[in-house]
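Comments concern the structure below.
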Amino acid sequence: MNIAIIPARGGSKRIPRKNIKLFHGKPMIAYSIEAAKKSGCFDRILVSTDDEEIAKVAKKWGAEVPFMRPEHIADDFSTTMDVMKHAVDWCVEAKWQVDKVCCIYATAPFLSSAALQEGLSKLTDPNVHYAFSATTFAFPIQRALLVNKSGHVEMIQPEHKNTRSQDLPEAIHDAGQFYWGQMSAYLQQKAFFGESSKAVILPRKNVQDIDTQEDWELAEALFSAMKLESC
């Protein structure tokens, strides 16, 4: 079977209670659960949390919380892979016959069921370990600048100072929505990004990190614009 695992710890610092804070009338985590359900990709949708209130909200919106996350992987230093390894190990101990696993972030209100379906399709090749959401940079990264120690500006790649933008290869970055993977890849804690990974490219307008209050406000504005566009 295929399962979704949504990491959602209770100790968000910069945006308190971020995972269940209301976003356009619904708890933020509800969008991830709904997209997973709508995709039809999953036999089980689990939430990994250390927080009883988050667990209650997750269950209300249709997810399962069959275990509570231990404290040692619920702090500011725990990685996504730490959380996923704990969850897939639990599935093994429960004797679940899991084939593919998708980590879905709880703060992904722009996540679409179609993107999840596309990610799953990329795993039909057993040599592909992961398929993750990504989007393009808005500006050529080869022409990026930095402020040096003396306060002056310099190019990171000065060899491209006269290269036309259209002559540079387009770069992509992680969109922070989902990470489909083979169960074996998660069990072995293989890296998400590498030669055995494929990307599901999303429009930039459908991608927004939500780590600060400014991010949250921008996401709300983008979401409102998308709703108007669909009317």
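Using 1/(1 + (r/R0)^6) with R0 = 25 angstrom and r between the beta carbons of GLU217 and ALA138, what's the FRET efficiency to the nearest 0.05?
0.85
Relative contact order, percent, of the range 85-231 when contacts are C-alpha pairs under 8 Å separated by at least 6 residues?
Once normalised by length, the contact order is 35 percent.
So how far apart, in nm, are the two label points at MET68 and ILE201 if each is 7 Å from Cα heading toward Cβ?
Taking the simple label geometry, MET68 and ILE201 are separated by 4.6 nm.
Can you list the lysines whose alpha carbon is less than 19 Å from that of LYS26, not counting same-chain residues fewer than 8 positions off?
List returned: LYS18, LYS37, LYS38, LYS56, LYS59, LYS60, LYS227.
Before rounding to the nearest 500, sum -39500 (n - 2.57) across all DSSP H runs of length at least 4 in the chain and divide by the residue total; then give [θ] at 222 nm in deg cm²/dmol.
Mean residue ellipticity at 222 nm (helix-derived): -9000 deg cm²/dmol.
Pick from ASP51, ASP167, ASP125 the residue whose mean-square fluctuation is largest in a GNM of the chain, springs joining Cα atoms under 10 Å.
Top of the fluctuation ranking is ASP167.
What is the range 13-110 by shape, rounded, prolate or oblate, if you read a ≥ b ≥ c off the alpha carbon gyration tensor as root eigenvalues and call it rounded for a/c under 1.5, prolate for a/b larger than b/c, and oblate otherwise?
oblate
Say each of ARG164 and SER184 gets a label point 7 Å from the Cα, pointing the same way as Cα to Cβ; how far apart are those two points in nm?
4.7 nm
Full-extension gain between LYS26 and ASP99, please, as 0.36 nm times their residue separation minus the C-alpha to C-alpha distance.
Here the segment from LYS26 to ASP99 would lengthen by 23.1 nm.
Arranged from highest to lowest average of other beta-carbon atoms within 10 Å per residue, in what order do the peptides 15-21, 135-141, 223-229 appear?
15-21, 135-141, 223-229
When the distances between all Cα atoms of the chain are binned every 5 Å from zero, what whole-number percent does each bin get?
Per 5 Å bin, starting at zero, the Cα-Cα P(r) for the chain comes out as 1, 6, 13, 16, 18, 16, 12, 8, 5, 3, 1, 0 percent.
How many angstrom lie between the C-alpha centres of the range 1-49 and the range 200-231?
Spelled out, the Cα-based centre of one part sits 17 Å from the other.
For the range 1-129, what relative contact order do you get, as a whole percent, if you take Cα pairs closer than 8 Å and at least 6 residues apart?
Averaging sequence separation for qualifying contacts and normalising by length gives 37 percent for the range 1-129.
Can you divide the C-alpha Rg of the range 166-216 by 2.2 N^0.38 Å and report the result to two decimal places?
So the range 166-216 has a normalised radius of gyration of 1.46.
How big is Rg to Rh over the range 115-231, alpha-carbon atoms, Rh as the Kirkwood inverse-mean-distance radius?
1.06
We did not get these values from a lab; they are worked out from the coordinates using the rules stated. All values reported here derive from a predicted model rather than from experimental measurement. All Cβ positions, even for glycine, are placed from backbone atoms using ideal geometry, and neighbour counts span all protein chains on display.
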